[in-house]
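Below: one structure, written as structure tokens.
The values are calculated or read from the model by the stated rules, or taken from the named source; none is laboratory data. Everything numeric in this text was worked out from a predicted model, so none of it was measured. Neighbour counts are summed over all protein chains in view; Cβ atoms, including those assigned to glycine, are modelled from backbone coordinates with ideal geometry.
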Amino acid sequence: MPRVAILHYTPRPTWSSRKLLKALSKQGASTLYIVWPYLSAEIRGDCAIKYQGKCTNVDAIIVRGMGQGLSAEKYQFRLALLKAAEDSGILVVNPSFSLFLARDKFSSLRVLESHRIPVPRTIITENPSTALHFVEKVGQAVIKPLMGSLGLGSFRVADIDTAYHVVNLLLRVNQPIYLQEYLEKKDSMDLRVFVVGEKVVGSMYRQTIGGWKTNIARGAKPIPAHPEAEVLEAAVRATKLLGLFYAGVDIIETPNNEFYVIEVNASPLWRGLQSATGVDPAEEIAKLIIGLVKR
């Protein structure tokens, strides 16, 4: 019987974690829920990975949450721990390198752009003059945390004065400046495409309600979507290029029918997608992981 752990940073399983635990159990797996503070890795110990001081006897770990506002040291520790787990023969989903690559918005978009997947004009810098010049050049920009999620900490700026204040705030707290050209969304919606393996299991539009952010967590409305084949193919390719087993790919379609991949999420939520489409990605993820463990 495969033994699969769900790894998160919250003491109680989140909604998506519970869905995965249930789906894995239906596939015949033995499951457990674990949290970061009780994990450790050892060199020359009796086993590579321990949980609550005991050897972790699992076949796979599904990483559902890395944590918010991590220090560089804690970030490096979590990467090292996942890599140690992989080296010991545990299947990590998504793989450690791919998980951290996707979390780095700038580096992941560079990979996609190098393979001719459309992405917005984007810069990263620590120089305020460079940032302000970019805003001046593109007209409107979105300033984001380099490793944020759920739309938290993102600012839309339409003039140099506003950009100046946001940029200097980031510099005061020792953060790099990550900016993207603001793209008008067709019908005030963006697109989330959910990919598992090498297929799309569901898509939804996220329509803004009284704002510009389209995150479901920020109040956007989920609507079933049936994008063009070209868009779906780009989502599958983006997931594969980053080495992810599953992902939520965020795409903007513009009023002139162009599309751009904005971000690839390696630990995507899907409550909105399921409510809009009736599709439960947890079942597809569970099937994929059990198949990989048995291979």
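Laid out as a table, the results:
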{"read-out": "Residue match in the stretch 135-148 (condition: of a type in the set (D, E, K, R) and part of a loop (DSSP other than H, G, I, E, B))", "value": "no"}
{"read-out": "Residue within the stretch 169-178 that is part of a helix (DSSP H, G or I) and either touching a residue at least 12 places away in the same chain (Cβ under 8 Å) or crowded, with 19+ Cβ neighbours inside 10 Å (or both) present", "value": "yes"}
{"read-out": "Flag if Ala23 is touching a helix residue (DSSP H, G or I) at 6+ places or on another chain (Cβ under 6 Å) and aliphatic (A, V, I, L, M)", "value": "yes"}
{"read-out": "The stretch 28-42 - residue that is in a loop (DSSP other than H, G, I, E, B) and not acidic (Asp, Glu) and, of those, surrounded by the fewest Cβ atoms within 10 Å (Cβ to Cβ)", "value": "Gly28"}
{"read-out": "Residue check, Pro95 over 24 Å from Lys19 (Cβ atoms) and in contact (Cβ under 8 Å) with a residue 40 or more places away in the chain", "value": "no"}
{"read-out": "Residue among Gly65, Gly45 that alone is free of Cβ contacts under 8 Å to residues at least 60 places away in the same chain and either outside any strand (DSSP E or B) or more than 23 Å from Thr239 (Cβ to Cβ) (or both)", "value": "Gly45"}
{"read-out": "Some residue of the stretch 108-126 being in contact with a strand residue (DSSP E or B) (Cβ under 9 Å, 6 or more places away or on another chain) and free of Cβ contacts under 8 Å to residues at least 12 places away in the same chain", "value": "yes"}
{"read-out": "Looking only at the stretch 189-210, and only at residues there that are under 15 Å from Pro227 (Cα atoms) and among the hydroxyl-bearing types (Ser, Thr, Tyr), the one that is modelled with the lowest pLDDT", "value": "Tyr205"}
{"read-out": "Candidates Leu109, Leu99, Leu91, filtered to the one that is surrounded by 15 or more Cβ atoms within 10 Å (Cβ to Cβ), touching a Pro at 6+ places or on another chain (Cβ under 9 Å) and not β-branched (Val, Ile, Thr)", "value": "Leu109"}
{"read-out": "Residue match in the stretch 154-168 (condition: at pLDDT below 90, part of a loop (DSSP other than H, G, I, E, B), touching a helix residue (DSSP H, G or I) at 6+ places or on another chain (Cβ under 6 Å) and surrounded by fewer than 16 Cβ atoms within 10 Å (Cβ to Cβ))", "value": "no"}
{"read-out": "Some residue of the stretch 211-219 being modelled with pLDDT under 95 and in contact with a Ser or Thr (Cβ under 6 Å, 6 or more places away or on another chain)", "value": "yes"}
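Per-residue answers, yes or no, for (1) outside the structural domain of Ser267 (by TED's automatic domain parsing); (2) under 30 Å from Ile143 (Cβ atoms); (3) not acidic (Asp, Glu):
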residue	(1), (2), (3)
His8	yes, yes, yes
Leu24	yes, no, yes
Trp36	yes, yes, yes
Thr56	yes, no, yes
Ala80	yes, no, yes
Glu86	yes, no, no
Asp104	yes, yes, no
Leu109	yes, yes, yes
Ser114	yes, yes, yes
